[in-house]
């Protein structure tokens with residue numbers, strides 16, 4: 001597992017005389033829980049994240065996709081980066097156009113993309129699976145059409161590439177190879193854009209990943225619903241609503257906002273073949 005140092009915006013190296021011996025400080029579970037925040041889909045609005053960071057001074061914040069920043073991410077969050085370690089995963093809307101893509105993947109926080117990896121964040125091993133399942137690539141529980149980005153590129157040909165590689169839209173698609181590679185690790189927390197199987201539009205594939213990683217907590221965005229679920233399969237899922245913020249214990253830091261979309265839009269968004277979800281809070285065993 002590769003460990004990554006926290007990112008500090010415009011951090012200046014101290015003079016040699018100012019350097020003090022490092023004394024490791026152990027964080028209590030309570031401190032870790034209260035100082036690690038998980039942020040639901042911002043969809044271009046970051047004022048609530050900035051306010052919460054300044055008021056509560058968390059050690060780390062993880063954004064659960066669909067950021068759609070109005071400027072490069074490090075510029076949007078410049079006021080809090082000196083004291084907050086910010087991480088993120090992509091959502092399906094983050095590849096809607098070139099501007100959103102570049103403001104994330106070409107920002108100074110591009111290295112804090114958790115998709116397909118495990119990083120130590122405020123003492124927690126956090127695994128990330130961003131993006132969404134798309135039928136052209138893989139729609140569990142159906143067999144995948146393409147196992148990897150490379151296999152898809154070889155099939156579509158050079159004329160359909162974007163910037164010499166994978167089409168932009170599918171840079172927020174979940175490929176089985178990324179999923180399987182992540183299964184080789186262990187983590188304390190899993191963050192995903194897609195919902196797990198306990199949500200009516202969720203996927204048991206997310207449950208399997210959480211179980212394989214042996215996580216204790218799972219946080220997801222995408223559905224714009226603030227949802228507390230009972231613990232199952234040994235981990236506790238939490239749905240973080242539209243522009244909401246919670247801590248590791250699932251407590252509300254910033255209550256989720258009401259999604260401005262009409263309920264009818266949700267009905268039209270359910271992908272064909274999603275079929276792995278269960279309505280209400282009835283869970284299906286995955287073995």
Filter the stretch 129-147 down to the residues that are touching a helix residue (DSSP H, G or I) at 6+ places or on another chain (Cβ under 8 Å) and either surrounded by 21 or more Cβ atoms within 10 Å (Cβ to Cβ) or closer than 30 Å to residue 61 by Cα (or both) and list them by number. 129, 130, 131, 132, 133, 134, 137, 138, 140
Can you name the helices (runs of 4 or more DSSP H) wholly within the stretch 62-169 that have at least 1 residues being over 16 Å from residue 42 (Cα atoms) and at pLDDT below 95? 149-156
Members of the stretch 68-98 that are under 14 Å from residue 121 (Cα atoms) and within 13 Å of the chain's Cα centre (by Cα): 86, 87, 88, 89
From the list 175, 203, 235, exactly one residue is surrounded by 22 or more Cβ atoms within 10 Å (Cβ to Cβ) and touching a helix residue (DSSP H, G or I) at 6+ places or on another chain (Cβ under 7 Å). Which is it? 175
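The values are calculated or read from the model by the stated rules, or taken from the named source; none is laboratory data. Keep in mind that what you see is a predicted model, and the values were worked out from it rather than measured. Backbone-built Cβ (ideal geometry, glycine too); neighbour counts: all protein chains shown.
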